[in-house]
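Data block below; observations after.
The values are calculated or read from the model by the stated rules, or taken from the named source; none is laboratory data. Worth saying up front: this structure is predicted, and the values here are computed from it rather than measured. Here Cβ is always computed from backbone atoms with ideal geometry, including for glycine, and neighbour counts include all displayed protein chains. Please note that ligands, DNA and RNA were not included when accessible areas were found on the heavy atoms of the full protein model with its side chains. Shrake-Rupley method; radii C 1.70, N 1.55, O 1.52, S 1.80 Å.
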Amino acid sequence: MSTTISDTPRCDRAQLARQVEEILDATPAWDLHTHLYPASFGTPLAGTGASAADPKGLMLWGIDELLTYHYLVAEVFRVVPSRVLPYADFWRMSKQQQADHIWQHLFLERTPVSEACRGVLTTLQRLGLDPADKDLDGYRKWFTQQDPNDHVDRVMQASGVCRITMTNDVFDDNERQRWLTDPAVGSDSRFAPVLRFDPLLCDWPSAARQLSAWGYRADENPSPEGIAEVRRFLSDWLDRTGAIYCAVSLPPTFRYNGLDDTQVSSVIFREAVLPTLAERNLAMALMIGVLRGVNPRLSIAGDGLEKADVSSICRLCTDFPDNRFMVTLLSRENQHELAVAARKFDNLLPFGCWWFLNNPSIIEEMTRVRMELLGTSFAPQHSDARVLEQIVYKWSHSREIIAKVLADKYADIIRAGWPVSEDDMRRDAKLLLHDNFQNFVAGR
Ligand code: FIX
Ligand code: ZN
């Protein structure tokens with residue numbers, strides 16, 4: 001039976017907050033953007049019962065991967081700078097040595113209050129390990145006792161995630177080869193495939209060289225035949241992977257200037273990518289704002305951000321009404337503009353609090369702005385996890401904040417005389433954590 005909270009003056013805010021938090025916790029989330037893979041893509045840490053470790057395997061899991069997450073690599077160089085430990089020396093260390101270094105300096109010699117450090121603690125705790133033990137070898141032992149395939153179930157259970165969306169980068173040789181060798185590599189139904197092809201839009205000359213090497217005719221300035229070949233390439237990979245949407249990450253300088261824009265990226269996007277997706281009823285995810293290699297010596301930890309151009313997104317939504325765009329922007333300054341754009345275009349779904357925005361203070365601010373402008377019609381979060389167990393902390397921390405914002409909004413409308421039932425709350429939680437994304441990708 002659904003209870004309705006409507007006795008405004010006596011409405012107990014603390015009880016309402018608890019109720020909403022419980023409902024959010026019990027609602028399965030579809031994690032709509034991660035860099036996670038099932039064990040079929042190989043894993044460097046095999047665990048018990050599994051086949052031999054595959055050093056280049058794509059399924060990352062376990063405490064050493066958690067500690068060497070690139071967010072933490074960037075943080076450890078704040079504490080042990082490169083004038084003390086040169087970058088090259090750090091990168092020469094084994095994974096375990098890097099993890100030891102990060103554990104020592106960020107956890108033992110400092111207080112682990114940053115969001116990425118806190119994430120490791122929440123993860124250990126929710127997996128039944130005690131962070132107070134501070135026993136890195138003990139944690140290592142526990143992880144190596146897990147079977148990776150069963151471990152996926154345990155982690156999904158602990159994080160309340162019912163489906164994990166992958167990022168399947170067709171320009172990554174390691175990944176590409178695995179799809180070509182084993183057509184069933186992506187058939188684990190817990191993981192949904194997504195076709196990712198940044199070079200097509202960010203670096204056409206190198207994408208064209210690759211396409212030619214793979215047997216697709218590609219010219220420097222794409223001719224109509226060249227465009228047809230890009231479409232053939234995309235179709236082949238959409239068939240091979242069964243992708244549920246396509247994705248690219250773009251720099252802050254990305255511009256789409258309209259139907260007569262002659263930039264090569266716009267031509268490829270307009271004539272090859274978007275028509276192929278429209279034909280297949282697939283959405284396109286645009287992740288805009290990353291400045292790659294601000295400090296290249298930090299490798300993957302060295303990327304930064306700048307503001308993106310929201311007018312380009314509005315033009316895309318206008319010019320391609322038969323396409324759907326999921327958009328996340330990396331700069332905090334873009335968030336209000338993006339939410340306003342989503343009020344104008346029903347083929348635009350703002351999603352997630354990406355990367356440097358995935359901190360409690362900013363998640364809360366973004367979620368409030370989005371809810372105030374869009375009601376419940378957005379996808380508040382994705383994990384962007386690179387290491388399996390990260391979904392535990394990313395979802396636990398985010399659920400708490402989404403619940404807090406939602407409870408405040410309920411309290412406001414209850415005060416205005418609108419009753420909110422438990423069923424209403426469950427429906428809203430499901431929309432936010434699952435259905436808005438599911439309906440958008442399905443074109444409903
Ligand atoms: O481009 C992306 O998908 C980014 O999310 C990643 O490249 C980035 O390194 C990341 O892990 C952010 O969380
Ligand atoms: Zn990502």
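Which of rounded, prolate or oblate describes the range 40-144 when judged by the alpha-carbon gyration tensor and an a/c cut-off of 1.5?
In terms of gyration-tensor shape, oblate.
Projecting label points 7 angstrom from Cα along Cα→Cβ for Ala26 and Arg154 puts them 2.6 nm apart.
Arrange the peptides 290-296, 327-333 so that the one whose residues have, on average, the most other Cβ atoms within 10 Å appears first.
327-333, 290-296
Helical content alone sets the calculated 222 nm signal of the chain at -14000 deg cm²/dmol, taking -39,500 (n - 2.57) per DSSP H segment of four or more residues and averaging over every residue. Starting from the Cα gyration tensor of the chain, take the square roots of the eigenvalues, sort them a ≥ b ≥ c, and report rounded, prolate or oblate (rounded when a/c is under 1.5, otherwise prolate if a/b is larger than b/c, else oblate). The shape class here is oblate. Taking a point 7 Å from the Cα of Gln438 along the Cα-to-Cβ direction, none of the residues of the range 362-395 has its backbone N closer than 12 Å to it. For the pair Lys307 and Arg343, the difference between a 0.36 nm per residue extended length and the Cα-Cα distance amounts to 10.9 nm. Does the range 233-280 classify as rounded, prolate or oblate by the C-alpha gyration tensor (a ≥ b ≥ c root eigenvalues; a/c under 1.5 gives rounded; else a/b over b/c gives prolate, otherwise oblate)? It comes out prolate by the Cα gyration axes. Here the range 249-300 and the range 100-136 have alpha carbon centers that stand 37 Å from each other. Restricting attention to the chain, the count of lysine pairs at 8 or more positions apart or across chains with alpha carbons under 22 Å apart stands at 10. Report the accessible area of Glu337, computed with a 1.4 Å probe over the heavy atoms of all protein chains in place, in Å² rounded to the nearest 10. Accessible surface of Glu337 is approximately 80 Å². Annotation: extensible slack from Ala52 through Ala213 equals 54.8 nm (criterion: 0.36 nm per residue apart, minus Cα-Cα distance).
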